[in-house]
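Participant: The structure's right below; bear with me while I get my questions together.
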Amino acid sequence: MIDLLQNVDCTLFRLLNRTLANPVFDWLMPKLAGNRLFLPFILVFGLALLWKGGRRARLFVVCLVLAIALTDGLVCNTIKKAVARPRPGLALADTRCLMPSTTSGSMPSNHAANWFAATMVAFVFYRRTWRVMVPLAATISLSRVYNGVHYPSDVVAGAILGAGTAVAAVWLAAVLWAWAGRKWFPIWWEQVPSVLGGARGEGRGASEPVHDREGTPTTGMKVEDRGNGSESASRFTFHVSRSEPSALDTHWLRLGYLLIGALLLFRLAYIASSTIELTHDEAYQWLWSKHLALSYYSKPPGIALIQFAGTHLWGDTQFGVRFFSPVFAAILSFVMIRFLAREVGACQGFILLLIVAAVPLLNIGTILMTIDPPLVLCWTLAMVSGWRALQADGAAKHWLLSGVAAGLAFLSKYTALYLIPCFALFFLFWKPARVHLRKPGPWLALLVIAVSTLPVVIWNSQNGWITVHHVSDNAAISEKWNPKTLEFLGIEAAVLNPVFFVGAVWAMIAFWKRSARVAPAPGMTAADNRSRRDAWPTFALCLFFFCMSAPVFLGHLLYTLHSRVQPNWIAPAVVPMFCLMVTYWGNQGSGFRVQDLVVNRLLVLGLILGIGVSALMHEPKLIAKLAGHPLPGEMDPLRRALAWKESSALVEEARQNLLPEGKPVFIIADHYGMAGEFTFYLPEAKKAVAIRNPQSAIRNSALPLVYCATPTQPNNQLYFWPEYRYHGVRTGENAIYVTELGPFPLESGWPRKWLNGEPISYASPPETIPTPPQLLREFESVTDLGMRDVKLGGRVYRRLQLFECRNLR
């Protein structure tokens, strides 16, 4: 029976793929199956519906996204991997392939599933759309067969799965809202009682307030009903009045909790998917977690302890290394929405969560486990607890909590010491806070911070104060002046989202100018000064956010007049900058008189831009879908976190080729980051690190397999571990030396060729390097194996040059 069905399927495939072949279809069908303008058009159309559409249009877009996500991401991909049916272009020799056949499974067709899912959702919301959507979905599905990339049964299965999943998705959304909306969001549920039906109270005017369950008009949200029948749309403005708590605050808090939970689950799933691999710093600091110490060459011990905990929970895996990064992001989000809900308004707290989710730099910190995520979290905790301590009823315990958070921040990154001048600046500018200086609280916090520095101080005293030399070298004070101010501003605008970066800097400048109007003035009575401050109830909070961010941002901005500043150096200032922006622009006391509609549109623009960029950063395949062609490997934004497994396999192959000579062969990387990557991704190397005995590292038979080239002066942490000095313990053995050649510049005008699908060449031919003199001194003979391309999906991601080194002297 199965053979009969297979024969029928192949017969129908040849009918559609070969018998019906003609020049018109040969031109049309590939364009229907994949056009690089299609996805941008769909995105623009969807955004237009969200921006200008009514309630029904917005609900339609939400249900459509849910249906496609379930259909494509869960149902079809799971079945593809389980069935693993080869595509006809790979299985049948007589297939006419008008499109490349990928190695992903053939059954079912994702194109058919997605189109029929969209057709079903459109039919649920707009019944007449079937007249257009059904023929369009069927034609596009058949084009997959005509182009030679799917069997007819793949398309039929995809159509059934897509339509069925869409119905289930819409039903699930309706059931969840009917239950959760009534229970957790009663005010919004009264306006939209059903995902599929019309809204109650459609005649409510724009000026009428929304009432809570007790019938009391709520504050904090302006509701507009544009009165377009069943599609009337309620819109909230960015301005939130914080005259008194409202029932809506609870709604915004609950919505924020749902967002935090959803993002946490997504990020955990993302790091578990192994879409990207470890970066240099992550792999290098993973090695630190196997050598716990009071401090390290360039960083405090915090990152090693965090990775130690993560890998002990989940093993020496990418998930274990990165586990705490999304967890820290969730804790940070929870703390900030609670803090702003208490001090300003829950709606503004929710808006801050959206903004943070749309900032590429902060998004990177929710995935990669570097020193910045714990620094930003602990800085924010110190800021929040510090604000509580500064209140009139602030106690020593609040100051101690702030000191502990600041100390933990220092144990993550030395930049945390900027907190001290930040608090000092607030004491300078805000006279009412100075009363605390006559109490023990602030001084206890300073004492806690001082105690937190002891591990670093002790380790450095035992190792020649190497960290002091390293930090001073990074500062490059002795070098010539090389202004990079415009570069710094441009890069920060890019990584912090141009819309929100400009809004945050504008808020800082506007706040500083306006603060003069409420600052105590000579000749004015205390009552007059209080009256001026009362007119701006959040002035002190805005000043506090300003002091927590401006010294870091402006200090690094001034330093760019001398040297280059890395974009992540201002990371701890980012959250308070955005807190100031949200609080200042969203409060009546700011004096902001532009229409709320303008601010709303800027907010939406920033969210669309930031979330779009963040999506491209998370999934490199989206760029190929948008442009029709994948980026060259050298230009892939995720290049540093891809193809390390392939790089490790290439190096291991060279090592295996040298083993038949009868001597042990180890690996030498020219960079500590590569040493970490090869150790993590080579099973034998990882095993040697895992069973290391810290009490007798040199005597242990499991010596490291991967080393970093030994320098004459310390320039990385491996220098301080005796077992990583291969001289003396590897004498007479052979080695493979690996160096990474920098990305070669592409020819001028490559973006145009890339978009047109034309071959791209290099501006100058790739060149290898001569044999390093250090190798000639260390080994009796060295053979240059030449340059090796490391490819992923047919694209070159990096080039390694290998050397065979024999008989270590």
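The values are calculated or read from the model by the stated rules, or taken from the named source; none is laboratory data. Since the model is a prediction, treat every value here as computed from it, not as a measurement. Heads up, the Cβs are rebuilt from the backbone with ideal geometry, glycines too, and the neighbour counts pull from every protein chain shown.
Participant: What are the residues in the stretch 711-768 that are more than 20 Å from THR679 (Cα to Cα) and either outside the structural domain of ASN657 (by TED's automatic domain parsing) or charged (D, E, K, R) (or both), if any?
Facilitator: Across the stretch 711-768, the qualifying residues are GLU747, ARG752, LYS753, GLU758, GLU767.
Participant: Residue under question is GLY633, and the condition is that it be in the same structural domain as ALA494 (by TED's automatic domain parsing) and either buried (at least 18 other Cβ atoms within 10 Å of the Cβ) or of a type outside the set (Gly, Ala, Ser) (or both); does it hold?
Facilitator: no
Participant: When you look at ALA615, is it among the aliphatic types (A, V, I, L, M) and over 14 Å from ILE276 (Cα atoms), yes or no?
Facilitator: Taking the combined requirement at face value, the residue does not satisfy it.
Participant: Filter the stretch 497-514 down to residues that are in contact with a Cys (Cβ under 7 Å, 6 or more places away or on another chain) and either loosely packed, with under 13 Cβ neighbours inside 10 Å or assigned to a loop (DSSP other than H, G, I, E, B) (or both), then give me how many there are.
Facilitator: The total comes to 0.
Participant: Show the residue pairs that are 6+ apart or on different chains and have beta-carbon atoms under 9 Å apart, the first residue being within the stretch 665-680 and surrounded by fewer than 24 Cβ atoms within 10 Å (Cβ to Cβ), the second being of a type in the set (Lys, Arg).
Facilitator: Listed by first residue and then by second, the contacts come to VAL665/ARG655; PHE666/ARG655; PHE666/ARG730.
Participant: Tally time: how many residues in the stretch 609-639 are over 22 Å from ALA358 (Cα atoms) and not hydrophobic (A, V, I, L, M, F, W, C)?
Facilitator: So the count comes out to 6.
Participant: Would you check which residues across the stretch 141-171 are in contact (Cβ under 8 Å) with a residue 12 or more places away in the chain, surrounded by fewer than 21 Cβ atoms within 10 Å (Cβ to Cβ) and within 34 Å of the chain's Cα centre (by Cα) and list them?
Facilitator: If the condition is that a residue be in contact (Cβ under 8 Å) with a residue 12 or more places away in the chain, surrounded by fewer than 21 Cβ atoms within 10 Å (Cβ to Cβ) and within 34 Å of the chain's Cα centre (by Cα), then VAL167, ALA168 are the ones that fit.
Participant: Then there's this: So GLY54 passes all but one of these: (1) surrounded by fewer than 18 Cβ atoms within 10 Å (Cβ to Cβ); (2) modelled with pLDDT of 85 or more. Which condition number does it fail?
Facilitator: For GLY54, the exception is condition (2).
Participant: Given the conditions (1) more than 35 Å from the chain's Cα centre (by Cα); (2) of a type in the set (A, V, I, L, M); (3) not in a loop (DSSP other than H, G, I, E, B), report the number of the one that VAL729 does not fulfil.
Facilitator: (3)
Participant: Counting only residues that are among the acidic types (Asp, Glu), modelled with pLDDT of 90 or more and over 26 Å from PHE308 (Cβ atoms), give me the helices (runs of 4 or more DSSP H) lying completely in the stretch 639-723 with at least 3 of them. First the steps, then the outcome.
Facilitator: Working: elements: 644-658, 672-681, 683-690.
Because the criterion is at least 3 residues that are among the acidic types (Asp, Glu), modelled with pLDDT of 90 or more and over 26 Å from PHE308 (Cβ atoms), the helices (runs of 4 or more DSSP H) in the stretch 639-723 that meet it are 644-658.
Participant: Which of the helices (runs of 4 or more DSSP H) found entirely inside the stretch 39-131 contain at least 2 residues meeting this: touching a residue at least 40 places away in the same chain (Cβ under 8 Å) and of a type in the set (Lys, Arg)?
Facilitator: The qualifying helices (runs of 4 or more DSSP H) are 55-68.
Participant: If we keep just the residues of the stretch 545-565 that are farther than 12 Å from GLU492 by Cβ and not in a helix (DSSP H, G or I), which is modelled with the highest pLDDT?
Facilitator: In this case the residue turns out to be LEU561.
Participant: Would you pick out the residues in the stretch 740-757 that are of a type in the set (A, V, I, L, M) and in contact with a strand residue (DSSP E or B) (Cβ under 7 Å, 6 or more places away or on another chain)? Quick ask: steps written out before the conclusion?
Facilitator: From the stretch 740-757, those of a type in the set (A, V, I, L, M) are 741, 746, 755; that's our starting set.
Of everything in the stretch 740-757, those that are of a type in the set (A, V, I, L, M) and in contact with a strand residue (DSSP E or B) (Cβ under 7 Å, 6 or more places away or on another chain) turn out to be LEU741, LEU746.
Participant: Which numbered condition trips up GLU740, out of (1) out of contact with any Phe, Trp or Tyr (no Cβ under 7 Å at 6 or more places or on another chain); (2) crowded, with 16+ Cβ neighbours inside 10 Å; (3) part of a helix (DSSP H, G or I)?
Facilitator: (3)
Participant: Okay, moving on. If a residue must be part of a loop (DSSP other than H, G, I, E, B) and modelled with pLDDT of 90 or more, how many such residues does the stretch 460-496 contain?
Facilitator: Number of matching residues: 3.
Participant: Would you check which residues across the stretch 256-307 are basic (Lys, Arg) and within 25 Å of ALA669 (Cα to Cα) and list them?
Facilitator: Within the stretch 256-307, LYS290, LYS299 meet the criteria.
Residues are listed down the side, and each one gets a yes or a no for (1) touching a strand residue (DSSP E or B) at 6+ places or on another chain (Cβ under 8 Å); (2) closer than 21 Å to GLY662 by Cα; (3) surrounded by 14 or more Cβ atoms within 10 Å (Cβ to Cβ):
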| site | (1), (2), (3) |
| --- | --- |
| PRO704 | yes, yes, yes |
| CYS708 | yes, no, yes |
| PRO711 | no, no, no |
| TYR724 | yes, no, yes |
| ASP784 | yes, yes, yes |
| LYS791 | yes, no, yes |
| ARG795 | no, no, yes |
| ARG799 | yes, no, yes |
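Participant: What tally of residues in the stretch 320-348 results from selecting those that are crowded, with 24+ Cβ neighbours inside 10 Å, assigned to a helix (DSSP H, G or I) and more than 20 Å from the chain's Cα centre (by Cα)?
Facilitator: Here the count works out to 4.
Participant: Specify which of the listed residues (LEU607, LEU602) is buried (at least 16 other Cβ atoms within 10 Å of the Cβ), closer than 30 Å to TRP379 by Cβ and modelled with pLDDT under 85.
Facilitator: Every option except LEU602 fails the conditions.
Participant: I would also like to ask the following. Sort out which residues of the stretch 434-463 are more than 19 Å from HIS398 (Cβ to Cβ) and touching a residue at least 12 places away in the same chain (Cβ under 8 Å), and write them in order of number.
Facilitator: Selection gives THR453, PRO455, VAL456, ILE458, TRP459, ASN460, ASN463.
Participant: Could you list, in sequence order, all residues of the stretch 786-809 that are without any contact (Cβ under 8 Å) to a residue 40 or more places away in the chain and outside any strand (DSSP E or B)?
Facilitator: Scanning the stretch 786-809 gives a single hit, GLY794.
Participant: May I ask you to list the residues in the stretch 18-38 that are assigned to a helix (DSSP H, G or I) and within 19 Å of HIS150 (Cβ to Cβ)? Steps first, please.
Facilitator: Filtering the stretch 18-38 for residues assigned to a helix (DSSP H, G or I) gives 18-19, 23-33, 38.
Selection gives ARG18, THR19, PHE25, ASP26, LEU28, MET29, PRO30, LYS31, LEU32, ALA33, PHE38.
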